[in-house]
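Reviewing the structure listed below.
The values are calculated or read from the model by the stated rules, or taken from the named source; none is laboratory data. As the structure is a computational prediction, the values presented were derived from the model and not from experiment. Glycine gets a Cβ as well: all are built from the backbone with ideal geometry, and neighbour counts include every protein chain shown. Heavy atoms of the whole protein, side chains included, go into the accessibility calculation; ligands, DNA and RNA do not. Shrake-Rupley method; radii C 1.70, N 1.55, O 1.52, S 1.80 Å.
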Amino acid sequence: GFALAAALLVPITVLTVATGAALGPVVGVPVAWVGSVVAAAIGYAAGRVLWRDTVRRVAGRRLNQLSARLAERGLVGTVLVRVLPVAPFMVVNLVAGASRVSALDFVLGSAIGMLPGAVLLVVAADRLRAALVAPSFTGWLGAVVAVVALAALAVAARRLLSRRARSGSAKR
């Protein structure tokens with residue numbers, strides 16, 4: 001259900017948070033993570049089936065640059081795009097499918113890159129739900145820690161991506 005909803009363009013973050021709030025971290029993390037990876041693979045396959053020119057024409061210049069980077073960097077590029085989303089989830093999947101990145105690199109990179117965010121989003125949603133249902137200092141502290149960890153992950157990924165972009169442009 002998660003993968004189908006994501007493939008039907010329900011925002012992945014909304015699905016992940018809802019999964020965490022509804023199922024808790026023990027069940028919610030695997031459901032959100034596997035569902036996200038399956039949805040990414042569905043979008044990738046759709047991008048492969050569609051004509052590359054069609055996807056590139058619709059995607060625009062910025063996403064065409066993303067396509068080139070993904071094809072150039074494969075697994076590492078996919079991990080970075082998943083840790084720090086640069087475009088809507090399904091758009092990235094379609095563009096990756098239309099690019100020259102291999103299916104293995106894309107699926108493996110998506111699985112690796114989406115795991116930290118899935119864990120932190122699910123835990124944050126679960127802790128926030130718990131803090132709202134039964135307010136306590138430790139409940140709110142858990143929610144704040146998870147949200148701060150998610151923000152720290154985004155900042156670290158952005159810095160790494162920025163550093164890689166600078167070093168990549170220096171090589172050219």
What is the list of residues in the stretch 117-135 whose amide nitrogen lies under 14 Å from a point 7 angstrom out from the Cα of residue 149, following Cα to Cβ? 117-128
Give me the percent of accessible area attributable to carbon and sulfur for the stretch 73-114, probe 1.4 angstrom. 78 percent
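Leaving out ligands and nucleic acids, and using a 1.4 Å probe, what accessible area per residue does the stretch 82-125 come to in Å²?
Numbers: 1520 Å² over 44 residues.
Computed with neighbouring chains in place, this is 34 Å² per residue.
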